[in-house]
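Here you go, one structure.
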Amino acid sequence: MSARDAERPPLVMRCGAFGDMVLLTVLLEQLRARFKGRVDVIASGPWSEPLLSGHRAVGRMFILRSRRTPYWLSPGQQRLVGWLRARGAGPTWFCDRGEGRELLARGGIPADYICDSTQYPFLDGENFADRYLRLGALSPAAFTGLLPPPVAGVPRAAHLEVSDTARRELDAWLEGRGLAGRDYMVVHPGSRHVARRRLRSRSGASKYWPEERWAEVIRAVRARCPSQAIVFSGMGAEGSFIADVLRLARVTDVVNAANDLPVTRLLPLLERAKSLIAVDTGPAHAAAALGCPTVALFGHIDPWLYRPGGATTPAATLTGTVDGKPDILGIEAGRVIEAWRELTRTSPS
């Protein structure tokens, strides 16, 4: 190891879903504070670049399209290895479950240069935000005593940034939707699991919460906030699900924006929203990280471990049981309504 290796910017590899990348910003902020500079990131998915590009903690990014394709058949993996070799080896944090670590080795990063998150199990009572703060305070074995010390006081919550350009583009979108200058809240009832069902019954999908319960929640929201618009977000394939909810709810002043909210528009929309009600999805993490009061419905996933945006965001998490097992179907609409009222009690409109 050369002294120059210790001086290179830290590198983080995390190929996760939308919400995973929101939570990752806790680690990135910890490393930014510790190293007093930006962190290079290897990520995947079409959401990662618009989500993190321009973030104050992020330096160079490499978006890996596929980790499961055999290396010799994957130009993307080969480009990553070339990128790593040109960059040079330095302190590295690997935050995946195994897939992809061999690419770091191919790229010339020795095993003792890597802090591998799989070697550090969760502590009792720890959630992702706290674990990332702990990981960011560690040093790979090769750099023991050579790296800057950990920095105290880094928030236990994710941090997202919204550009002025994105805010201006949202203004134009809101005007086109008749929402310019108006208060609104956002509802995100679906998930990729629901979207993938297509012609099959939605009731078999993970994170599915029945249309009639969503309709009951929407009616309660409208009754408490009659002047506030309601914007539904989701993927295009969730549009019919949202339409069914609206048909049952029978409320006005609602926008079904399924498939019309790319990440660069979604972030400023959530930043400005009065509140969000959603299943446990990426937008719930983003909303909470942006300071939006968020009610999130969880199924079998531990709501503390994956609390939206980290440990200290304005979020309420709900879960239920069916036949003694954690299940989103065990959540009654009344609990969601009450949690939302409590979270937003100081700002009804």
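The values are calculated or read from the model by the stated rules, or taken from the named source; none is laboratory data. Just so you know, these numbers come straight off a predicted model, no measurement behind them. Every residue, glycine as well, gets a Cβ built from its backbone with ideal geometry; the counts of neighbours run over all protein chains shown.
Quick check on my filter: what residues within the stretch 60-95 are among the charged types (D, E, K, R) and either at pLDDT below 95 or surrounded by fewer than 15 Cβ atoms within 10 Å (Cβ to Cβ) (or both)?
Arg60, Arg65, Arg67, Arg68, Arg79, Arg85
Something else now. Taking the stated definitions as given, is Gly90 part of a loop (DSSP other than H, G, I, E, B), under 30 Å from Leu261 (Cβ atoms) and touching a residue at least 40 places away in the same chain (Cβ under 8 Å)?
For Gly90, the condition - part of a loop (DSSP other than H, G, I, E, B), under 30 Å from Leu261 (Cβ atoms) and touching a residue at least 40 places away in the same chain (Cβ under 8 Å) - is not met.
Considering only residues that are of a type outside the set (Lys, Arg) and closer than 15 Å to Arg60 by Cα, which ones fall in the stretch 1-14?
Within the stretch 1-14, Pro9, Pro10, Leu11, Val12, Met13 meet the criteria.
Quick check on my filter: what residues within the stretch 136-165 are surrounded by fewer than 21 Cβ atoms within 10 Å (Cβ to Cβ) and closer than 24 Å to Gly282 by Cα?
Those that are surrounded by fewer than 21 Cβ atoms within 10 Å (Cβ to Cβ) and closer than 24 Å to Gly282 by Cα: Pro155, Arg156, His159, Glu161, Val162, Ser163, Asp164, Thr165.
Only one of these is buried (at least 17 other Cβ atoms within 10 Å of the Cβ), over 20 Å from Arg79 (Cα atoms) and touching an Asp or Glu at 6+ places or on another chain (Cβ under 7 Å): Ala57, Ala6. Name it.
After ruling out the rest, the residue left standing is Ala57.
Which of the strands (runs of 3 or more DSSP E) contained wholly in the stretch 1-67 include at least 1 residues that are touching a strand residue (DSSP E or B) at 6+ places or on another chain (Cβ under 9 Å), in contact (Cβ under 8 Å) with a residue 60 or more places away in the chain and over 29 Å from His188 (Cα atoms)?
Passing ranges, in order: 11-13.
I'd like the full set of residues that are of a type in the set (D, E, K, R), outside any helix (DSSP H, G or I) and touching a strand residue (DSSP E or B) at 6+ places or on another chain (Cβ under 8 Å), limited to the stretch 100-147.
Asp116
Any idea which of (1) part of a loop (DSSP other than H, G, I, E, B); (2) assigned by TED's automatic domain parsing to the domain that holds Val81; (3) not charged (D, E, K, R) is the one Pro150 doesn't satisfy?
Tallying (1) part of a loop (DSSP other than H, G, I, E, B); (2) assigned by TED's automatic domain parsing to the domain that holds Val81; (3) not charged (D, E, K, R), Pro150 fails exactly one: (2).
In the stretch 221-233, how many are part of a helix (DSSP H, G or I) and out of contact with any strand residue (DSSP E or B) (no Cβ under 8 Å at 6 or more places or on another chain)?
Qualifying residue count for the region: 2.
List pairs: first residue in the stretch 228-239 and among the β-branched types (Val, Ile, Thr), second residue part of a loop (DSSP other than H, G, I, E, B) anywhere in the structure, Cβ distance under 7 angstrom, at least six positions apart or on different chains.
The qualifying pairs are Ile230/Asp253; Val231/Ala257.
Kindly indicate whether Gly320 is without any contact (Cβ under 8 Å) to a residue 40 or more places away in the chain, surrounded by fewer than 18 Cβ atoms within 10 Å (Cβ to Cβ) and under 20 Å from the mean Cα position of the chain (by Cα).
no
Also, quick follow-up: Which residues, taken from the stretch 113-170, are of a type in the set (Val, Ile, Thr) and farther than 18 Å from Arg101 by Cβ?
Correct list: Thr144, Val151, Val154, Val162, Thr165.
Now, a different point. Between a residue in the stretch 249-261 that is closer than 21 Å to Trp47 by Cα and any residue that is of a type in the set (Asp, Glu) and not in a strand (DSSP E or B), which pairs come within a Cβ distance under 9 Å, given they are 6 or more apart or on different chains?
Sorted first by the residue in the stretch 249-261, then by its partner, the pairs are Ala258/Glu238; Asn259/Glu238.
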